[in-house]
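Read-outs: derived from the displayed coordinates by stated rules, not from any lab. Just so it is clear, the structure is predicted and the values come from calculations on it, not from any experiment. No Cβ is skipped: glycine too gets one built from the backbone with ideal geometry, and neighbour counts run over all protein chains shown.
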Amino acid sequence: MITKNDIVLTAYEELSISGITSSPSPEDIRMAVKRLDMMVLAWQNSGLCLSYVRSEGFNNIDPNQDSGLNDVNAHAVSLNLAKTLAPAFGKPLNPDTRAEARKAYLGLFSSDLTYREADPYQPTGSGHSFGYGYSNRFSYQAKQTNAPDDCETKDIKIGEIDYYPVDFSSYLNEVSGDTIASFTVEDGQGAKVLQSAQEDSNIILEVKGIIKGLAPVKVTVNCSPSGRVNPETINFNVVES
């Protein structure tokens with residue numbers, strides 16, 4: 001696990017090499033985590049999707065939180081965080097570090113980006129799901145033909161099987177004491193939900209890519225004791241293997 005503190009300390013090491021700072025204070029660490037959150041969010045808005053786990057808010061910063069990044073991506077993020085932090089200390093970043101940060105940033109973009117275009121499909125029949133005995137499956141028909149080109153769209157290859165959590169914690173926290181009482185899963189022909197189960201505030205989906213193109217899956221949770229019902233659509237972009 002690579003924590004946000006690991007990324008921040010690596011960034012400060014780069015700043016130390018550039019002669020900008022030596023030993024960051026706890027407040028410097030918190031400030032850097034905030035800048036890290038904002039930097040990755042800006043990248044996401046530019047179409048760069050990473051597995052980074054954002055903080056819940058500026059008033060809930062935890063440097064020891066798992067960043068969600070792998071070793072390769074964490075290195076690129078640390079270099080660019082150093083580049084982002086340098087102006088706060090009023091000194092320029094070492095030119096070599098700046099150049100390396102730029103190269104690492106460009107390397108985060110996959111050379112095999114997929115053009116998201118789907119074939120229309122018809123819904124299939126219901127299937128079996130597992131978990132606590134109260135989840136049901138239905139078929140779900142897409143209303144559009146192109147998978148949204150954003151970081152919320154999940155890429156999956158034809159024939160590939162993987163697990164995807166759908167997190168309802170933010171929704172549940174809107175009402176004190178609310179929990180998931182039951183849930184339903186609706187899929188279509190493009191992506192098949194083989195199994196589903198609840199783990200606390202998450203619905204875990206085991207999904208298999210079937211037909212190339214847009215494949216939405218809808219998860220609807222029924223909450224207790226509030227009685228609220230919340231549908232969440234997860235867009236899968238099924239690509240050729």
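Figure the gain on full extension for L41 and N59 (residue separation times 0.36 nm, minus the Cα-Cα span) and round it to one decimal in nm.
Details: separation 18, 0.36 × 18 = 6.48 nm, distance 1.69 nm.
Residue separation times 0.36 nm, minus the Cα-Cα distance, leaves 4.8 nm.
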Next item on the list: Report the percentage of all Cα-Cα pairs in the stretch 148-189 whose separation exceeds 15 Å, rounded to a whole percent.
Entry: 64
Note to self: Quick check: pseudo-label points 7 Å beyond the Cα along Cα→Cβ at E152 and F109, how many nm apart are they?
What the structure shows: 2.4
Notebook entry, point to check: Counting Lys +1, Arg +1, Asp -1, Glu -1, what net charge surrounds N94 among other residues with beta carbon under 11 Å of its beta carbon?
Noted result: 0
Check: Which lysines, on any chain, are close to K192 with Cα under 20 Å apart, when same-chain ones fewer than 8 places away are left out?
Finding: K143, K154, K157, K208, K212, K218
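Which chymotrypsin sites (Phe, Trp or Tyr not before Pro) does the stretch 1-102 hold that lie in a coil by DSSP with at most 14 other beta carbons within 10 Å? Please list the in-between numbers first.
Numbers: sites: Y12, W43, Y52, F58, F89; in loops: Y52, F58.
Those that pass, being in a loop and sparsely packed, are F58.
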Notebook entry, point to check: So what's the stretch 4-107 giving for Cα Rg divided by 2.2 N^0.38 Å, two decimals?
Noted result: 0.99
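Could you tell me the number of lysine pairs in the stretch 4-107 with C-alpha atoms less than 18 Å from each other, where the two lysines are 8 or more residues apart or belong to different chains? Could the numbers behind the result be given before it?
Working: K4/K34; K4/K83; K34/K83; K83/K91; K83/K103.
So the count works out to 5.
Full extension from E199 to V229: what is 0.36 nm times the residue separation minus their Cα-Cα distance, to one decimal in nm?
Here the answer is 9.0 nm.
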Check: Going 7 Å from the Cα of A181 in the Cα-to-Cβ direction, what parts of the stretch 212-241 have a backbone nitrogen less than 13 Å from that spot?
Finding: 221-230
Margin query: Tell me the Rg and the Dmax, in Å, that the Cα atoms of the stretch 136-239 produce.
Written below: 13.8, 41
